[in-house]
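Enquirer: The structure follows.
The values are calculated or read from the model by the stated rules, or taken from the named source; none is laboratory data. The model shown is predicted, which means the values in this text are computed figures rather than measured ones. Note that each Cβ is placed from the backbone with ideal geometry, even for glycine, and that neighbours are counted across all protein chains shown.
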Amino acid sequence: ANLKPGALYIDHTTNAPSLVRHVHALLAEKHVAMLDAPVSGGMEGAQTRDLLVMAGGDDAAFARARPLLDAIAKRVIHTGAIGTGSIAKIMHNCASFTLDMLIAECWTTGVKAGIDAATIVRVFNEAALGQMMSLKVRLPATYLRGDFAPRFSLALAKKDLGLAMDLARETKTPMRLAALCDQELTEAMARGWAGRDASIALTLQEERAQAEVRLPRDAV
């Protein structure tokens with residue numbers, strides 16, 4: 001209510017994009033600019049400025065806010081129009097929380113099967129998963145490019161996941177998220193994709209969502 005025409009409102013909360021766009025429209029009527037700029041990095045990142053700000057809004061508002069955003073975060077991404085900062089944040093957190101649950105399934109199964117907890121945690125940190133190879137190398141080279149020449153074939157992925165599901169049954173450990181993944185790979189195998197890269201299974205979700213995720217070649 002106290003914002004004056006020409007002011008810039010930066011919202012760092014995590015909210016529904018629809019709410020953000022509604023507030024933006026109300027502020028626009030008062031000639032107040034707005035960015036939705038949620039933050040990722042947690043308490044630890046806040047102490048050292050090791051944060052990422054995802055800022056949605058028009059170019060002019062982002063340019064005005066950039067010095068302020070740079071002051072609180074080491075990394076700032078202009079995500080696009082108003083609301084896209086919130087989209088980026090909630091989808092990132094969804095992936096993070098879901099991955100945590102899947103990791104818990106794998107750790108509990110592993111411990112029940114006989115590996116020491118500290119050892120399996122170390123392996124996860126030092127192997128491909130902990131090094132973020134999927135996000136930084138494998139998916140940019142395959143799925144995000146639409147190139148499914150086999151780097152690691154679907155058949156091999158299905159075999160490895162099947163071994164994990166066998167171990168879960170042997171140890172009587174529920175793995176609900178892994179079971180859903182196994183169903184996806186089974187469907188992909190039924191499409192005749194066994195010899196293609198395992199990431200081709202991700203296109204099943206694209207079909208259901210009716211949305212394709214690809215990056216320009218110069219971006220991967």
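Enquirer: Mind counting the residues in the stretch 194-213 that are surrounded by 13 or more Cβ atoms within 10 Å (Cβ to Cβ) and either among the acidic types (Asp, Glu) or touching a Gly at 6+ places or on another chain (Cβ under 6 Å) (or both)?
Expert: 2
Enquirer: In the stretch 13-30, how many residues are touching a residue at least 40 places away in the same chain (Cβ under 8 Å) and either within 17 Å of PHE62 (Cα to Cα) or among the β-branched types (Val, Ile, Thr) (or both)?
Expert: Adding up the residues that qualify gives 4.
Enquirer: Related question: Could you pull out the residue among ARG169, ARG176, ARG196, ARG214 that is out of contact with any strand residue (DSSP E or B) (no Cβ under 9 Å at 6 or more places or on another chain) and over 27 Å from ALA104 (Cα atoms)?
Expert: Numbers: ARG169 fails: over 27 Å from ALA104 (Cα atoms); ARG176 fails: over 27 Å from ALA104 (Cα atoms); ARG196 fails: out of contact with any strand residue (DSSP E or B) (no Cβ under 9 Å at 6 or more places or on another chain).
Selected residue: ARG214, the only one of ARG169, ARG176, ARG196, ARG214 that is out of contact with any strand residue (DSSP E or B) (no Cβ under 9 Å at 6 or more places or on another chain) and over 27 Å from ALA104 (Cα atoms).
Enquirer: To continue, here is another question. Tell me which residues, restricted to the stretch 182-198, are closer than 21 Å to ALA149 by Cα, of a type outside the set (D, E, K, R) and either free of Cβ contacts under 8 Å to residues at least 24 places away in the same chain or assigned to a helix (DSSP H, G or I) (or both).
Expert: If the condition is that a residue be closer than 21 Å to ALA149 by Cα, of a type outside the set (D, E, K, R) and either free of Cβ contacts under 8 Å to residues at least 24 places away in the same chain or assigned to a helix (DSSP H, G or I) (or both), then LEU185, THR186, ALA188, MET189, ALA190, GLY192, ALA198 are the ones that fit.
Enquirer: On to the next question. Considering only residues that are assigned by TED's automatic domain parsing to the domain that holds ALA198 and over 19 Å from the mean Cα position of the chain (by Cα), look in the stretch 120-150 and name the one that is surrounded by the most Cβ atoms within 10 Å (Cβ to Cβ).
Expert: The selected residue is PHE148.
Enquirer: Now a separate question. Of the conditions (1) touching a residue at least 12 places away in the same chain (Cβ under 8 Å); (2) closer than 30 Å to ASN125 by Cβ; (3) out of contact with any helix residue (DSSP H, G or I) (no Cβ under 6 Å at 6 or more places or on another chain), GLU44 clears all except one; give me its number.
Expert: Of (1) touching a residue at least 12 places away in the same chain (Cβ under 8 Å); (2) closer than 30 Å to ASN125 by Cβ; (3) out of contact with any helix residue (DSSP H, G or I) (no Cβ under 6 Å at 6 or more places or on another chain), only one is false for GLU44: (1).
Enquirer: Do the conditions hold for ALA37, that is, is it under 25 Å from the mean Cα position of the chain (by Cα) and modelled with pLDDT of 95 or more?
Expert: Values: under 25 Å from the mean Cα position of the chain (by Cα): yes; modelled with pLDDT of 95 or more: yes.
It is true that ALA37 is under 25 Å from the mean Cα position of the chain (by Cα) and modelled with pLDDT of 95 or more.
Enquirer: In the stretch 160-180, what residues are closer than 22 Å to LEU135 by Cα and free of Cβ contacts under 8 Å to residues at least 12 places away in the same chain?
Expert: Within the stretch 160-180, ASP160, LEU180 meet the criteria.
Enquirer: With the requirement that a residue be assigned to a helix (DSSP H, G or I) and among the β-branched types (Val, Ile, Thr), what does the stretch 81-115 give you?
Expert: In the first step, residues of the stretch 81-115 are kept if they are assigned to a helix (DSSP H, G or I); the result is 84-113.
The answer is THR84, ILE87, ILE90, THR98, ILE103, THR108, THR109, VAL111.
Enquirer: Against the definition (under 14 Å from ASP36 (Cβ atoms), in contact with a strand residue (DSSP E or B) (Cβ under 7 Å, 6 or more places away or on another chain), surrounded by fewer than 21 Cβ atoms within 10 Å (Cβ to Cβ) and at pLDDT 95 or above), how does THR84 come out, yes or no?
Expert: Values: under 14 Å from ASP36 (Cβ atoms): yes; in contact with a strand residue (DSSP E or B) (Cβ under 7 Å, 6 or more places away or on another chain): yes; surrounded by fewer than 21 Cβ atoms within 10 Å (Cβ to Cβ): yes; at pLDDT 95 or above: yes.
Yes; evaluated as a whole, the condition is true for this residue.
Enquirer: Just to be sure, is THR186 within 21 Å of GLY114 (Cα to Cα) and polar (S, T, N, Q)?
Expert: Details: within 21 Å of GLY114 (Cα to Cα): no; polar (S, T, N, Q): yes.
In short, no.
Enquirer: Inside the stretch 199-216, can you point out the residues that are part of a helix (DSSP H, G or I) and out of contact with any helix residue (DSSP H, G or I) (no Cβ under 7 Å at 6 or more places or on another chain)? Don't jump to the end; show me each part of the working.
Expert: We begin by selecting, within the stretch 199-216, every residue part of a helix (DSSP H, G or I); these are 199-209.
Selection gives THR203, GLN205, GLU206, GLU207, ARG208, ALA209.
Enquirer: Same structure again: So which residues in the stretch 54-80 are in contact (Cβ under 8 Å) with a residue 12 or more places away in the chain, surrounded by 14 or more Cβ atoms within 10 Å (Cβ to Cβ) and in a helix (DSSP H, G or I), if there are any at all?
Expert: Listed by number, the residues that qualify are ALA61, PHE62, ARG64, ALA65, LEU68, LEU69, ILE72.
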